[in-house]
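Values quoted throughout were computed directly from the atomic coordinates according to the rules given, and no laboratory measurement underlies them. This structure is a prediction, so every number in the text was calculated from the model and none was measured. Cβ: placed from backbone, ideal geometry, glycine included. Neighbour counts: every protein chain shown.
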């Protein structure tokens, strides 16, 4: 069965803290994605990765960075958390190109105070 | 997640009735469309997809209809069950060198017993 896991379901951080969100998939997928989900807006792509050590900016990369050192793990980093980064963060993965379905993790709800 | 639903349109349906959820997409060049289901506190779950060279696709209890003329997508759920209660949103894919996904904000489906 397909599985995407995220390290935390809920996080509370203070402004200026460095925050790490971890995502792990067990499907040997090449592509991985980080989105944020906010009320009244559709999912917005922050960063994605085609393969190990590869990354591409999505639509809203400002204030974020990513790391993909191993195929199964894709980390989202908030270098200096701000209150406008309070959101639900969703990780997804999919096979390269031909397989279109993205499999999502359960999400991490981040509150920045 | 819970707060995603704050600004969503809601469709209330009697258990056993059919549900129709609509989505207007934005780009006439979109070549692939996906419907997701998101239950409270969980990540989005793939339901069904359709390519732009089709106008109808059926799954188990679900049917997706695509009208490219008016850029409209619909999800039909037959014999709606309490477990169908969730937020449903569509996504379109634009292929222009690379893939870009645009996600809708969603509709909350409430199944009345």
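Assorted remarks:
- What separates the Cα centres of segment B:43-86 and segment A:52-96 is a distance of 29 Å.
- D (Stokes-Einstein, µm²/s), Kirkwood Cα radius, the protein assembly as shown, 0.692 mPa s at 37 °C: 181 µm²/s
- For segment B:2-112, the Kirkwood estimate of hydrodynamic radius, built from reciprocal distances between every pair of different alpha carbons, is 14.2 Å.
- Here the Gaussian network model covers chain A, with springs between Cα atoms less than 10 Å apart; of A:47, A:89, A:64, A:64 fluctuates the most.
- Packing, taken as the mean count of other beta carbons within 10 Å per residue, orders the peptides A:18-26, B:58-66 from highest to lowest as A:18-26, B:58-66.
- Least to most buried among B:70, B:87, A:52 (fewest other Cβ within 10 Å first): B:70, A:52, B:87
- Cα-based radius of gyration for segment A:1-87, normalised by 2.2 N^0.38 Å, reads 1.07.
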